[in-house]
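Scroll down for the structure; my scribbles are underneath it.
What follows draws every value from the coordinates through simple rules; no lab data is involved. Remember, predicted model here, so these are calculated numbers, not experimental data.
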Amino acid sequence: MPLQQSPALQLMREKDLTISALADIYGDFLTEKQLTFLRDYYDFDYSLSEIAEKHGVARQTVKDAIDSAVRALREFEGRLELFSRFKEIDVLADELLELAENEEQRRLIVRIKKCIDLSAR
């Protein structure tokens, strides 16, 4: 029987995935240091102490950079809503895929989904 995640743990993981997705979209607007620390923390699951040691900086420096990056990413998303739009387009494309009547329509819908696939970036 598979273990069930607590709602709090599931919410934390969803937040982590959201931050990673926002970094995929808006990461070029962060400083190199912010993006590096953010990726190490969210994508590679390093602790703040591990990141600090890896880069030869204080743990507080890493925490401040990540906090600043997360605030910036949320602000970008709040203004531009690209991630929200990608998710909505993906849901609509799934619905269209179910309604597709032939292979050509399915192929076009799959191409649309690939265009908005953040994991391919």
For this session: Evaluate the relative contact order of the chain (contact order divided by residue number), counting alpha-carbon pairs under 8 angstrom at least 6 apart; express in whole percent.
Result: 25
Exercise. Going from the alpha-carbon gyration tensor of the chain, what semi-axes, largest first and in whole Å, does one get by taking the root of 5 times each eigenvalue?
Worked result: 34, 18, 12
For this session: Using θ = phi - 60° and the Karplus relation 6.51 cos²θ - 1.76 cosθ + 1.60, list the HN-Hα couplings for segment 68-84 in order, rounded to whole Hz, with x at every Gly or Pro.
Result: 5, 5, 4, 4, 5, 4, 5, 5, 4, 5, x, 8, 9, 6, 5, 4, 4
For this session: For segment 81-121, just say rounded, prolate or oblate: build the C-alpha gyration tensor, square-root its eigenvalues into a ≥ b ≥ c, call rounded for a/c under 1.5, and beyond that prolate if a/b exceeds b/c, oblate if not.
Result: oblate
